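A quick write-up on the structure given underneath.
The values are calculated or read from the model by the stated rules, or taken from the named source; none is laboratory data. Everything numeric here is computed off the predicted structure, so don't read it as measured data. Cβ placement follows ideal geometry from the backbone for every residue including glycine, while neighbour counts extend to all protein chains displayed.
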Amino acid sequence: MTEQIAPKQLSWDRTVSGDVAVHLSGHWLVEQGLVDDATVAEIVDAVTPGRAIVLDAAGLLGWDSSLIEFLTRGVKVARARNVAIDRSGTPSDLARLITLALAVPDQSDRRRLVGTPPPLARLGGRLLKNVDIGLAMLGFFGDSVLALGRLLGGSSAMRGTDFLEALTECGPRAVPIVCLISVLVGLIMAFIGAVQLMKFGAQVYVANLVGIAMVREMGALMAAIIMAGRTGAAYAANLGTMQLNDEVAALRTTGVDPMDFLVLPRLLALALALPLLTIFANLAGMLGGAALASIDLGIDWPLYVNQTKHAVTVTDLCLGLVKACLFGSIVAITGCWCGMAAERHAAGVGRAATSAVVLSIVLVIAADAVITVMSSVVGI
Amino acid sequence: MALCDVTEPSSLPPHLEVRNLTSMHGDVLIQHDLNFTVQHGDIFIVMGPSGSGKSTLLRHLVGLDRPASGTVRYEGTCIWGCGEVEREQIMRRIGVTYQSGGLWSSMTLVENVSVPLQRYTRLNSHEVRELASLKLAMVGLAGFEDHYPSELSGGMQKRAGLARAIALDPDLLFFDEPSAGLDPVTSRRLDDLILALRDNLGATVVIVTHELASIFAIGNNSVFLDPESRTQIALGDPKILLRECPIPTVHAFLTRGSDSNLLAPTRAVAAAPRAAFGQA
C-alpha cells in the first residue's frame with residue numbers, strides 16, 4: 001500500500017492585527033528541496049513590529065527534517081529581528097524537535113577567536129611554527145642524550161627485553177629487503193658505469209666504481225632510506241597509538257620516563273642495527289656489480305674481487321659504518337619524535353607515520369651531504 | 001554565574017587543593033578560575049556535561065599537562081612550579097586509571113602491574129611478581145596474569161588499569177570515566193571496588209565521571225564544571241546539591257533533566273522516527 005504524496009505547500013497572509021499566519025500543508029520531504037533564505041526573510045519582514053508569526057499546520061500531512069530545518073531557520077531569523085513565533089498550531093512532536101534543535105546555544109564563541117590572518121602574517125606564523133617544531137625536536141634529541149647518560153649511569157628504566165625485541169625487529173628481519181635493494185643498486189651502478197668506461201677500454205674499473213660507491217655512500221644511504229620507510233614509520237605509528245591510548249600518560253604518571261622506556265631501546269636498536277645492515281648492503285651491492293661485470297663485460301670473479309680489494313680501503317669502510325650509525329640514530333629519533341608529538345586521533349597517527357618517513361629521509365640525505373663535503377675537506 | 005557551594009568548612013589540612021586554575025588548549029579557553037579542595041578520605045567527583053574539560057582538569061591534577069595558570073597543591077606542596085624531584089615524589093604517591101585503561105599493550109597484565117614496583121621498590125623479580133599477582137587478585141583478575149590487554153574485555157581492562165594504579169599503595173587515586181562503556185552491573189561492581197579500596201587502603205579518590213548512578217552511590221564531595229560559563233558553578237556533596245542547588249544546569253544534570261523542560265526534546269528524539277512519515 002503506497003501512500004499518496006501530496007507536494008508541500010507554503011503560503012502566508014497578513015491578518016488584520018498585523019500578525020503573519022504561515023500555512024503549512026502537504027508532505028514536507030527532503031526530496032522536494034529546502035525553502036530558500038529569501039522566502040524566510042520575506043515572511044519575517046511581513047510582520048508588523050511588535051506582532052508575531054502564527055504557525056498553522058492544519059493541512060500538514062507528513063514531515064521530515066526539511067520542515068524542522070525551515071522552522072528552526074525561521075526561528076533564528078525571527079529572533080534576530082525580535083519577532084515572536086507562536087508555535088501552538090504545530091504538532092507537539094514537531095515543536096519538541098524544534099526546541100531540541102535550539103536547546104543548546106550556538107557555541108561558536110568557543111571556536112578559535114582569530115579569523116584568517118593576512119597572507120604575510122600566515123607565512124610568518126607558519127615559519128614560527130616550523131621554528132617551534134625544530135626547537136621541540138632539538139629538545140627531544142637532548143632528552144634522548146640525557147636518557148643515554150642515565151643508561152650509562154645505571155639509573156635507566158629501560159628494559160633489556162624491549163631493546164632485544166626492537167633489535168630483532170629492525171635487524172635480522174630487515175636483511176632480505178636491504179640485500180634485495182642493494183643487489184639491484186649495485187647492478188644499476190655497474191651497468192651505467194660500464195657504458196661510460198667501455199669507451200676508454202677501462203671496463204675493469206667498474207669494480208672500483210661499485211665498490212667505493214657502495215661502501216662510502218650507497219650502502220649506508222640505501223639501508224637508511226629502507227629503514228626510514230620500514231622502521232621509522234613503524235616507530236611513529238606505534239608511539240602515536242600509545243599516545244592515543246593514554247599509554248604514554250600512564251608511563252608518566254607511573255614515574256617512568258617515556259624516553260627511557262620507549263625511545264631509548266628503539267634508538268639503540270636502530271643505531272646498532274643499521275651499521276650491520278650496511279655491511280650486508282655493501283656485500284650485496286658488490287655482488288650485483290660482479291654479476292653484471294661477469295655477464296656483460298666478461299670480467300671474471302677473481303679479477304673483480306682483486307680489483308675491489310685494491311680500490312676499497314678500510315677508511316672507506318669505517319666512514320660508511322660511522323655514517324650508518326648516525327643515520328640509524330636520525331631515523332629512530334625522528335620516528336619516535338613524530339610518534340610522541342602525534343595528535344591524539346587516528347588521522348594524527350597517520351600523519352605522524354608519513355612525516356616520520358619524509359622528515360627522516362630528508363635529514364639523512366642532508367646529513368650525508370654535510371659529511372661528504374666535510375670528509376673531502378679533511379681528505380678522507 | 002553565581003557559585004552554588006554546599007561544602008562544609010573544614011579545619012583539617014586538605015589533601016589536594018586547587019587555586020585559581022585556568023586551563024587552555026592552544027588559544028581556546030577550557031576552564032577558568034577553578035578553586036576547590038579535596039579532604040583526606042573523600043570520594044571527590046569531577047562532573048559536568050561532555051566537553052566541559054573534566055579530563056583536561058584531571059591531566060593538570062596528575063601532573064601530565066601544565067595549566068595556563070593557577071596552583072595544584074598536594075598536602076601543601078605544589079606540583080606545578082616546584083622542582084622535578086618534588087613532583088616525582090608526589091607522583092609516586094598517586095595512582096591514575098585512564099578512560100581506555102591505558103595498559104601497555106606490549107606487556108602482559110602482570111608485567112604491567114610490575115613496572116611501578118620495579119621502578120620504586122628494591123624487591124627481587126619473584127617478589128615483584130607475587131605482589132603484582134596479589135594486586136590483580138584484589139581487582140578480581142586472578143589467573144589472568146599472563147594475558148595481554150587486548151585479550152580482555154573493556155571492564156577487565158579497566159580493572160587491570162586499577163590494579164596497576166594501586167601497585168604502590170597510593171594515598172590518592174584518580175579515575176578518568178571509570179564506568180564509561182561498561183554495562184550497569186559491571187559499572188556497579190567497579191563502584192563497589194572503588195569504595196572497598198578507599199576503605200582498605202585509606203586512600204582519597206578523585207573520579208571524573210558523568211554517570212549519575214556512580215555520582216550518588218559513592219561521591220561525598222564534588223565540583224561541577226559548566227561548559228557555557230567555562231568555570232565551576234557548584235561544589236559539595238552531590239546528594240545535597242541535588243536537593244539544594246538552585247542552578248538549573250546543575251539541577252538538570254543531576255536529575256537527567258526530568259524536572260525541567262529539557263526532557264521534552266529528549267522524548268521527541270525517540271518519537272522522531274515515527275513522526276517522520278506519520279500523519280501530523
Residue in the stretch B:204-224 that is among the hydroxyl-bearing types (Ser, Thr, Tyr), assigned to a helix (DSSP H, G or I) and buried (at least 21 other Cβ atoms within 10 Å of the Cβ) present: yes
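Listed here are the residues, each with its yes/no results for (1) surrounded by fewer than 19 Cβ atoms within 10 Å (Cβ to Cβ); (2) farther than 30 Å from residue A:294 by Cβ; (3) modelled with pLDDT of 95 or more.
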{"site": "A:151", "(1), (2), (3)": "yes, yes, no"}
{"site": "A:155", "(1), (2), (3)": "yes, yes, no"}
{"site": "A:158", "(1), (2), (3)": "no, yes, no"}
{"site": "A:161", "(1), (2), (3)": "yes, yes, no"}
{"site": "A:176", "(1), (2), (3)": "yes, no, yes"}
{"site": "A:180", "(1), (2), (3)": "yes, no, yes"}
{"site": "A:184", "(1), (2), (3)": "yes, no, yes"}
{"site": "A:194", "(1), (2), (3)": "no, no, no"}
{"site": "A:197", "(1), (2), (3)": "yes, no, no"}
Scan of the stretch A:92-120 for residues that are at pLDDT 80 or above and surrounded by fewer than 16 Cβ atoms within 10 Å (Cβ to Cβ), ordered by number: A:92, A:117, A:118, A:119, A:120
Filter pass, residue A:295 being at pLDDT 95 or above and either part of a helix (DSSP H, G or I) or crowded, with 24+ Cβ neighbours inside 10 Å (or both): no
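Please verify whether the stretch B:110-119 includes one or more residues that are in a loop (DSSP other than H, G, I, E, B) and either buried (at least 23 other Cβ atoms within 10 Å of the Cβ) or not aromatic (Phe, Trp, Tyr) (or both).
No, there is no match, as no residue in the stretch B:110-119 is in a loop (DSSP other than H, G, I, E, B) and either buried (at least 23 other Cβ atoms within 10 Å of the Cβ) or not aromatic (Phe, Trp, Tyr) (or both).
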Under the condition of being of a type in the set (A, V, I, L, M) and without any contact (Cβ under 8 Å) to a residue 24 or more places away in the chain, which residue from the stretch B:42-98 is nearest to residue B:15 (Cα to Cα)? B:79
Unique match (being charged (D, E, K, R) and surrounded by 18 or more Cβ atoms within 10 Å (Cβ to Cβ)) among B:122, B:129, B:159: B:159
Residue pairs within 7 Å by beta carbon, gap of at least six or interchain, first lying in the stretch A:232-244 and under 11 Å from residue A:262 (Cβ atoms), second surrounded by fewer than 21 Cβ atoms within 10 Å (Cβ to Cβ) and not β-branched (Val, Ile, Thr), listed first then second, are A:243/A:344
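Here is a yes/no grid of residues against (1) among the small types (Gly, Ala, Ser); (2) under 16 Å from residue B:16 (Cβ atoms); (3) at pLDDT 90 or above; (4) touching a Lys or Arg at 6+ places or on another chain (Cβ under 9 Å):
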| residue | (1), (2), (3), (4) |
| --- | --- |
| B:190 | no, no, no, yes |
| B:200 | no, no, no, no |
| B:208 | no, yes, yes, yes |
| B:239 | no, no, yes, no |
How many residues, within the stretch A:347-371, are loosely packed, with under 15 Cβ neighbours inside 10 Å and of a type in the set (S, T, N, Q)? 1
Can residue A:331 be described as surrounded by fewer than 17 Cβ atoms within 10 Å (Cβ to Cβ), more than 14 Å from chain B (Cβ to nearest Cβ) and at pLDDT 95 or above? no
Can you find, within the stretch B:12-28, the residue that is nearest to the other protein chains (Cβ to nearest Cβ) among those that are surrounded by fewer than 17 Cβ atoms within 10 Å (Cβ to Cβ) and assigned to a strand (DSSP E or B)? B:28
Considering only the stretch A:247-260, state which residues are at the interface with chain B (Cβ under 8 Å from one of its Cβ atoms) and either at pLDDT 90 or above or assigned to a helix (DSSP H, G or I) (or both). A:247, A:249, A:250, A:251, A:252, A:253
Which one of these does residue B:62 not meet: (1) farther than 29 Å from residue B:216 by Cβ; (2) touching a helix residue (DSSP H, G or I) at 6+ places or on another chain (Cβ under 6 Å)? (1)
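Yes/no matrix, rows are residues, columns are (1) within 14 Å of chain B (Cβ to nearest Cβ); (2) of a type in the set (A, V, I, L, M, F, W, C); (3) at positive phi:
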| residue | (1), (2), (3) |
| --- | --- |
| A:7 | no, no, no |
| A:12 | no, yes, no |
| A:23 | yes, no, no |
| A:29 | yes, yes, no |
| A:46 | no, yes, no |
| A:54 | no, yes, no |
| A:60 | yes, yes, no |
When the stretch B:225-245 is checked residue by residue, the ones that are in a strand (DSSP E or B) and under 19 Å from residue B:99 (Cβ atoms) are B:225
Positions within the stretch A:47-90 being modelled with pLDDT under 85, part of a loop (DSSP other than H, G, I, E, B) and surrounded by fewer than 20 Cβ atoms within 10 Å (Cβ to Cβ), in sequence order: A:48, A:49, A:50, A:51, A:81, A:82, A:87, A:88, A:89
When you go through (1) under 25 Å from the mean Cα position of the chain (by Cα); (2) at positive phi; (3) not aromatic (Phe, Trp, Tyr) one by one for residue A:154, which number turns out not to apply? (1)
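Can you find a residue that is β-branched (Val, Ile, Thr) and touching a Lys or Arg at 6+ places or on another chain (Cβ under 8 Å) anywhere in the stretch A:13-20?
Yes, the stretch A:13-20 contains at least one residue that is β-branched (Val, Ile, Thr) and touching a Lys or Arg at 6+ places or on another chain (Cβ under 8 Å).
Yes/no per residue for (1) closer than 22 Å to residue B:132 by Cβ; (2) β-branched (Val, Ile, Thr); (3) in contact (Cβ under 8 Å) with a residue 12 or more places away in the chain; (4) more than 14 Å from every other protein chain (Cβ to nearest Cβ):
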| site | (1), (2), (3), (4) |
| --- | --- |
| B:144 | yes, no, yes, yes |
| B:157 | yes, no, yes, no |
| B:160 | yes, no, yes, no |
| B:172 | yes, no, yes, no |
| B:185 | no, yes, no, yes |
| B:190 | yes, no, yes, yes |
| B:195 | no, no, yes, yes |
| B:202 | yes, no, yes, yes |
